[in-house]
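Here the structure comes first, spelled out in structure tokens, and everything after it is commentary.
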Amino acid sequence: MVGPASLEGLLRDLNHVIAGRQAVMCGRSRLFEPSPGDPVHVLMIDELAVS
């Protein structure tokens, strides 16, 4: 099971990626085309998961 500190780090890293994309796309486009160097990131949280 992943601990709270690990999850916080994961969310901070993902937020960094998102903020970087926002800065690049700001005022230019709302369309995102994923590529191998800039893939789509999906975060799934299963609040009912039990270990």
Inset, instruction - Taking Gly20 as meeting all but one of (1) surrounded by 10 or more Cβ atoms within 10 Å (Cβ to Cβ); (2) within 9 Å of the chain's Cα centre (by Cα), write down the number of the exception. - result: (2)
Legend entry - Subset of the range 18-51 [more than 30 Å from Gly3 (Cα to Cα) and either polar (S, T, N, Q) or assigned to a helix (DSSP H, G or I) (or both)]: Ala23, Val24, Met25, Ser29, Ser35
Inset, instruction - Would you please list the contacts, defined by Cβ atoms under 7 Å and residues six or more apart or on different chains, that run from a residue in the range 26-39 that is modelled with pLDDT under 85 to a residue that is exposed (fewer than 10 other Cβ atoms within 10 Å of the Cβ) and not in a loop (DSSP other than H, G, I, E, B)? - result: none
Legend entry - Members of the range 25-51 that are among the hydrophobic types (A, V, I, L, M, F, W, C) and surrounded by 10 or more Cβ atoms within 10 Å (Cβ to Cβ): Met25, Phe32
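The values are calculated or read from the model by the stated rules, or taken from the named source; none is laboratory data. In this text the structure is predicted, and so the values were computed from the model without any measurement. Ideal geometry is used to build each Cβ from the backbone, glycine not excepted, and the neighbour counts take in all protein chains shown.
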